[in-house]
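S.K.: Sharing a structure below in structure tokens format, with a few things to ask.
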Amino acid sequence: MQDRTILFPLLTFALWLVVQPVGKISAFILTAAAVVLSTMLVAFDVKRYVQLTAALKEFYATSSHIEQQATILPLEFGKGLDEQRRDLNLKYDPFIHAAGLISIERSLVDLNDYEAESRNFPLVYKAALDPSEIIGEGHEYAFPPVAHIGQYYRTTGRTVDYVLLWGVDEENSRAHAAQDIFQELAANYLLIYSAPHSPLQLYRRRQKADQVEAAIVPGPMAGPRHNR
């Protein structure tokens, strides 16, 4: 909220400035200074934009592995990029709601939609099906998230078809809540996609045939993926 409110005095100053009686030379100097300052600000962030664009492309590539009209639970374990691209100076998190665009493209039900959870927007979850209350038990998923995935089916009879993990690393994967998620994924889900250069993993709920196979050959344990 603080980052948004700082725009108001800047816009007010800009409006005040344009109505001031200044000469042509002063106007030229102010215009040139504004152009130079804007160019410097853009140039300062170009490298960051390039890195984020590449990571977001890998994020959105996940959509080709997801069936339409399914349910998806995006869980973010940490802000930023992977070890090769990590940017700890980010004041915003471009990935925290990025799954919403995948949901629109594939007509998915996003079970971690902050707008529907907050009830401050036209779109809200039905009380009996609210995943923030059932999966998150009334708490924000946080970093790392606390999510009881199987509880959603036991409570509502509705399945969580896909689980998307972002930002899993060695440190945040040791948390007790994270271990609970990994154990449930290993038992009931299949890893179907891992982004080649970003900390993204996509899991699909096991079908009956998968469950029989898993009972014979244990599937791989979910957790952080190391890029080589």
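The values are calculated or read from the model by the stated rules, or taken from the named source; none is laboratory data. Since the structure is predicted, the reported quantities are computational estimates derived from the model, not experimental observations. Positions of Cβ are generated from backbone atoms using ideal geometry, with glycine treated the same way; all protein chains shown enter the neighbour counts.
S.K.: Can you say whether THR31 is of a type in the set (Val, Ile, Thr), free of Cβ contacts under 8 Å to residues at least 24 places away in the same chain and surrounded by 10 or more Cβ atoms within 10 Å (Cβ to Cβ), as far as the supplied structure shows?
M.R.: Yes, satisfied.
S.K.: For the stretch 72-85, indicate whether the set of residues that are among the aliphatic types (A, V, I, L, M), at pLDDT 85 or above, surrounded by 18 or more Cβ atoms within 10 Å (Cβ to Cβ) and in a loop (DSSP other than H, G, I, E, B) is non-empty.
M.R.: No, that holds for no residue.
S.K.: So which pairs qualify, if the first residue must be in the stretch 91-102 and over 17 Å from GLU115 (Cβ atoms) and basic (Lys, Arg), the second must be surrounded by fewer than 16 Cβ atoms within 10 Å (Cβ to Cβ) and at pLDDT below 80, the Cβ gap must be under 8 Å, and the two must be at least 6 apart or on different chains?
M.R.: LYS91/ASP3
S.K.: Given (1) modelled with pLDDT of 90 or more; (2) buried (at least 16 other Cβ atoms within 10 Å of the Cβ); (3) of a type in the set (S, T, N, Q), identify the lone condition not met by SER64.
M.R.: Of (1) modelled with pLDDT of 90 or more; (2) buried (at least 16 other Cβ atoms within 10 Å of the Cβ); (3) of a type in the set (S, T, N, Q), only one is false for SER64: (2).
S.K.: Checking the conditions here, which among GLU117, GLU133, GLU105 is out of contact with any Cys (no Cβ under 9 Å at 6 or more places or on another chain) and either part of a loop (DSSP other than H, G, I, E, B) or over 27 Å from LEU52 (Cβ atoms) (or both)?
M.R.: It is GLU133.
S.K.: Can you name the residue in the stretch 197-215 that is in a loop (DSSP other than H, G, I, E, B) and at pLDDT below 85 and is also farthest from GLU170 (Cα to Cα) among such residues?
M.R.: Filtering first and then ranking leaves GLN207.
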